[in-house]
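Here is the structure we will look at, set down as structure tokens.
The values are calculated or read from the model by the stated rules, or taken from the named source; none is laboratory data. Small disclaimer: the values here were computed from a predicted structure and weren't measured. When we count neighbours, we look across all protein chains shown, and the Cβ atoms used for this are built from the backbone with ideal geometry, even at glycine. Ligands, DNA and RNA are stripped out before the accessible areas are found, and what is left, the full protein with its side chains, is counted by its heavy atoms. Shrake-Rupley method; radii C 1.70, N 1.55, O 1.52, S 1.80 Å.
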Amino acid sequence: FPALMADLGMLAVGLAAYGALFAFVGTTVKRPLVAGLVFALGWEPLVLLVPGYLRRLTVAYYLQALVGHDLPQDGPLAAILQVVREVPGILTSLLGLGVIIVGGLWLAGRSVERREYVLEQ
């Protein structure tokens, strides 16, 4: 039961981070669905496999530190992920996710405040 509660907490923080990020994208981009799909299915998986500092620009990088248990070890993808896996500390992860949440919501609010929405008739 404690592992379930920890996973649900991680899920809530992850949903808040992705929600804030996609709220900002939804208020600024003309076609937010395409931009969201490119980010979630293209950018994040690709950047996590590339070594270097670029992976710090993804939400999944910070969520990895919150996973308390190991991933399954059977399969070729798990072996590749173990080679390039770099996990930040829990405090760094929570701080990074907090910055993403607050920054995304603030930018989305500023975008809505400055934009004029006209209803089509």
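Yes/no per residue for (1) acidic (Asp, Glu); (2) at pLDDT below 80:
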residue	(1), (2)
THR58	no, no
LEU63	no, no
LEU71	no, yes
ASP74	yes, yes
LEU77	no, yes
VAL83	no, yes
GLU86	yes, yes
LEU91	no, no
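Which members of the stretch 13-65 meet the condition of being outside any helix (DSSP H, G or I) and either open to solvent by 40 Å² or more (accessible area, probe 1.4 Å) or without any contact (Cβ under 8 Å) to a residue 12 or more places away in the chain (or both)? Step through it out loud before you land on a result.
At the first step, the residues of the stretch 13-65 found to be outside any helix (DSSP H, G or I) are 29-31, 50-52, 58, 65.
Matches in the stretch 13-65: VAL29, LYS30, ARG31, VAL50, PRO51, GLY52.
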